[in-house]
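FYI, it's all coordinate maths here, none of it is from the lab. These numbers were taken from a predicted model, which means no experiment stands behind them. Positions of Cβ are generated from backbone atoms using ideal geometry, with glycine treated the same way; all protein chains shown enter the neighbour counts.
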Amino acid sequence: PEPYGIIASDLSSRGDAHHLIRVEAGGSRRPASAATVAEGGHFFKMDGRGVRDFVAEHVPPALLALTRRAGVDIGAVDHFV
């Protein structure tokens, strides 16, 4: 069979985009309390349009750089996770 599996990986973070996806309470900064639970601070919150814009701007160049580092043509990759 043709080669399969993980060809390459990359992990990065962008602290400047922290406001796009967040859980505002329940961690070390704002520990769980009756007040944080009552205000719904433990729920996942996301700026959907902001995430879409971030992904559209930053993910394609990151995937291109990743495949170049791996020495693989981007068109040869079936799936990115």
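Over segment 15-74, what number does the Rg to Rh ratio reach, with both radii from the alpha-carbon atoms and Rh per Kirkwood?
Here the Rg-to-Rh quotient is 1.23.
Run the numbers on the chain and let me know its relative contact order in percent, using alpha-carbon pairs under 8 Å that are six or more apart.
28 percent
With each label point set 7 Å from Cα along the Cα-Cβ vector, what nm distance links residue 49 and residue 64?
2.7 nm
Tell me, 73, 47 in order of fewest to most beta-carbon neighbours within 10 Å?
Listing 73, 47 from fewest to most nearby Cβ atoms yields 73, 47.
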